[in-house]
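For reference, the structure discussed in these notes is given below.
The values are calculated or read from the model by the stated rules, or taken from the named source; none is laboratory data. Note that this is a predicted model, so its numbers are computed, not measured. As a convention, Cβ positions derive from the backbone with ideal geometry for all residues, glycine included, and neighbour counts pool all protein chains shown. Heads up: the accessible areas ignore ligands, DNA and RNA and are worked out on the full protein's heavy atoms, side chains in. Shrake-Rupley method; radii C 1.70, N 1.55, O 1.52, S 1.80 Å.
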Amino acid sequence: MNRPSFRPLLTGSGLALLLALSPALAQAPAAQSPQAAANDNQPLAAPESKARKENVMPESFADLVEQVSPAVVNITTTSTVSTPLVRGPQLPEGSPFSDLFREFGFPGFPQGEGGNPFGGGPMEQQRSNALGSGFVVSPEGLIVTNNHVIEGADEIEVEFFSGKTLPAKVVGRDDKTDIAVLKVESKDPLPFVKFGDSDKGRVGDWVLALGNPLGQGFSASTGIISARNRALSGSYDDFIQTDAAINRGNSGGPLFNMDGEVIGVNTAILSPNGGSIGIGFSMASNVVSKVVEQLEEFGETRRGWLGVKIQPVTQDIADSLGLAEASGAMVTDVPSGPAADAGMKAGDVITSFAGGEVKDPRDLVRRVADAPVGKAVDVTVQREGKPVELKVTLGRRELAEGSGSGKVDSARETASDLMGMTLAPLTPEIAAELGVSRDMQGLVVQSVDPTGAAADKGLTAGDVITEAGQQPVTSLADLEGRVKEAREAGRKSILVMVRRAGEPRFVALPVE
């Protein structure tokens with residue numbers, strides 16, 4: 001007896017039911033192996049998951065770690081250092097026996113500086129090793145790490161997740177962002193990762209840090225973005241703060257978002273003991289990626305240079321200039337350079353650069369650095385209460401710093417308020433004593449009332465006031481006239497330029 005076959009019906013309906021009940025399974029593509037992705041010139045990325053789609057905490061980070069770890073490397077550097085060749089007992093600093101050795105010496109010990117038998121003397125060369133982390137950003141073998149990881153290294157060795165090791169050469173380095181690019185030669189394309197948009201990261205987002213902490217080998221740690229736009233000490237700092245465990249040896253390693261994209265390079269930690277206390281800093285990928293592109297193309301950075309000295313616009317300064325809000329960057333000095341050639345002046349407030357609003361000096365510095373060298377850029381400044389459009393052809397910062405053209409050539413500064421100060425006209429003799437140009441004109445602050453407004457603003461004896469209300473002052477009458485004009489205009493403060501040890505800054509002093 002032949003039984004009817006239900007296989008086609010069961011197969012079709014069963015498949016339809018399976019697709020209806022398991023859409024995620026139906027849509028999830030098979031994960032590509034790291035080597036296959038490298039052969040196809042595709043970056044490693046996070047696998048599809050329900051948690052990732054719903055933007056919730058995953059049950060495990062294992063799939064993400066497994067997917068991106070082949071692109072993370074450990075870096076070992078070797079360098080030659082000089083150490084004292086000590087022959088004899090070691091005495092602690094301040095030991096009472098040091099007087100004995102200093103007076104009578106010790107057979108076989110060289111006498112160092114100050115009679116110390118252990119200072120100076122012969123040195124010996126020793127090999128020193130250091131450890132760090134990095135990550136591959138191209139199948140051809142480009143690797144990103146921290147500059148301090150490879151600084152001073154004679155030899156650099158890269159260990160991959162698979163255990164394979166390759167020697168590396170330095171392509172370029174940038175000490176201002178602490179980024180370096182290395183290159184290894186491999187017969188096969190290398191698995192690599194790509195940069196993500198660090199500006200999209202929000203405080204509270206999950207992140208994953210991979211690297212070689214404390215030289216213990218490959219390790220993963222997770223946390224969240226604790227803060228953004230942190231600045232430590234550099235002009236171009238834009239750090240992501242995270243509580244993901246970062247320790248020594250993690251330097252140069254990647255900080256991933258949940259899409260498997262690198263949004264930061266682990267660089268520093270805040271710690272009283274050298275270990276992680278949950279405050280780590282990763283240089284944002286939007287800064288790093290531009291540096292890497294320039295290092296790869298030129299072997300060095302090529303940042304734009306505007307040629308001005310700037311300071312923040314405080315609310316006092318904004319009120320004295322009649323500005324609607326305290327934003328932008330105030331120009332305190334314009335030495336010879338691109339800005340001077342374009343007609344920019346001390347006292348201008350830069351409010352727009354290349355068509356975008358300038359929030360503060362940090363914002364301006366970063367955007368100027370990212371702008372192309374040698375091309376004209378539209379710059380808007382506020383001058384005497386009106387917008388002025390300028391077109392500035394940017395120079396190159398590295399050349400300006402190397403040639404010393406960033407030095408102040410034309411010294412123009414403003415002064416402080418009259419309240420609480422004893423002022424006198426600046427003479428060539430006083431200028432010489434202060435170490436400023438004998439041709440400088442203005443008013444010198446002889447003393448400051450510690451309870452007055454000038455002291456509150458940081459003015460001190462020896463400061464030189466050269467401008468008030470964005471006009472030169474050479475006498476007490478000039479300053480008094482500027483103050484009177486500010487009062488009549490209904491302003492609560494007056495903007496003065498003060499030069500201290502050759503460095504200018506603007507100060508807003510109350511005129512009430």
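Quick notes on this structure:
- Residues in region 315-337 that are touching a residue at least 24 places away in the same chain (Cβ under 8 Å), over 17 Å from V368 (Cβ atoms) and surrounded by 16 or more Cβ atoms within 10 Å (Cβ to Cβ): D316, I317, D319, S320, L321, L323.
- Breaking point among (1) closer than 27 Å to P428 by Cα; (2) under 35 Å from the mean Cα position of the chain (by Cα); (3) crowded, with 22+ Cβ neighbours inside 10 Å, for L479: (2)
- Residues in region 269-280 that are assigned to a strand (DSSP E or B) and either hydroxyl-bearing (S, T, Y) or at pLDDT below 90 (or both): I269 alone.
- Every residue from region 338-358 that is in a loop (DSSP other than H, G, I, E, B), charged (D, E, K, R) and either over 19 Å from R505 (Cα atoms) or open to solvent by less than 40 Å² (accessible area, probe 1.4 Å) (or both): D348
- Qualifying residue in region 289-303 (condition: touching a Gly at 6+ places or on another chain (Cβ under 7 Å), β-branched (V, I, T) and modelled with pLDDT of 95 or more): no
- Qualifying positions in region 281-317 - in a loop (DSSP other than H, G, I, E, B), under 28 Å from S327 (Cα atoms) and of a type in the set (D, E, K, R): R302, R303
- Taking the numbered list (1) closer than 15 Å to T177 by Cα; (2) surrounded by fewer than 23 Cβ atoms within 10 Å (Cβ to Cβ); (3) charged (D, E, K, R) in turn, R303 passes all entries but (2).
- Within region 168-179, restricting attention to residues that are free of Cβ contacts under 8 Å to residues at least 40 places away in the same chain and not basic (K, R), the residue that is most open to solvent (accessible area, probe 1.4 Å) is D175.
- Some residue of region 362-376 being within 25 Å of the chain's Cα centre (by Cα), assigned to a strand (DSSP E or B) and not aromatic (F, W, Y): no
- Residues in region 468-477 that are out of contact with any Leu (no Cβ under 8 Å at 6 or more places or on another chain) and either assigned to a helix (DSSP H, G or I) or among the small types (G, A, S) (or both): A477 alone.
- Unmet requirement for K183, which otherwise passes all of (1) open to solvent by 40 Å² or more (accessible area, probe 1.4 Å); (2) without any contact (Cβ under 8 Å) to a residue 40 or more places away in the chain; (3) touching a Gly at 6+ places or on another chain (Cβ under 9 Å): (2)
- Count - residues of region 366-400 that are open to solvent by 40 Å² or more (accessible area, probe 1.4 Å) and closer than 20 Å to A231 by Cβ: 4
- All positions within region 417-467 that are more than 18 Å from A508 (Cα to Cα), part of a loop (DSSP other than H, G, I, E, B) and hydrophobic (A, V, I, L, M, F, W, C): L426, V436, M440
- Counting only residues that are open to solvent by 80 Å² or more (accessible area, probe 1.4 Å), in contact with a strand residue (DSSP E or B) (Cβ under 9 Å, 6 or more places away or on another chain) and in a loop (DSSP other than H, G, I, E, B), region 142-163 holds 3 of them.
- Close pairs (6 angstrom Cβ cut-off, 6 or more residues apart or separate chains): among the basic types (K, R) in region 139-167, surrounded by 14 or more Cβ atoms within 10 Å (Cβ to Cβ) and assigned to a strand (DSSP E or B) anywhere: none
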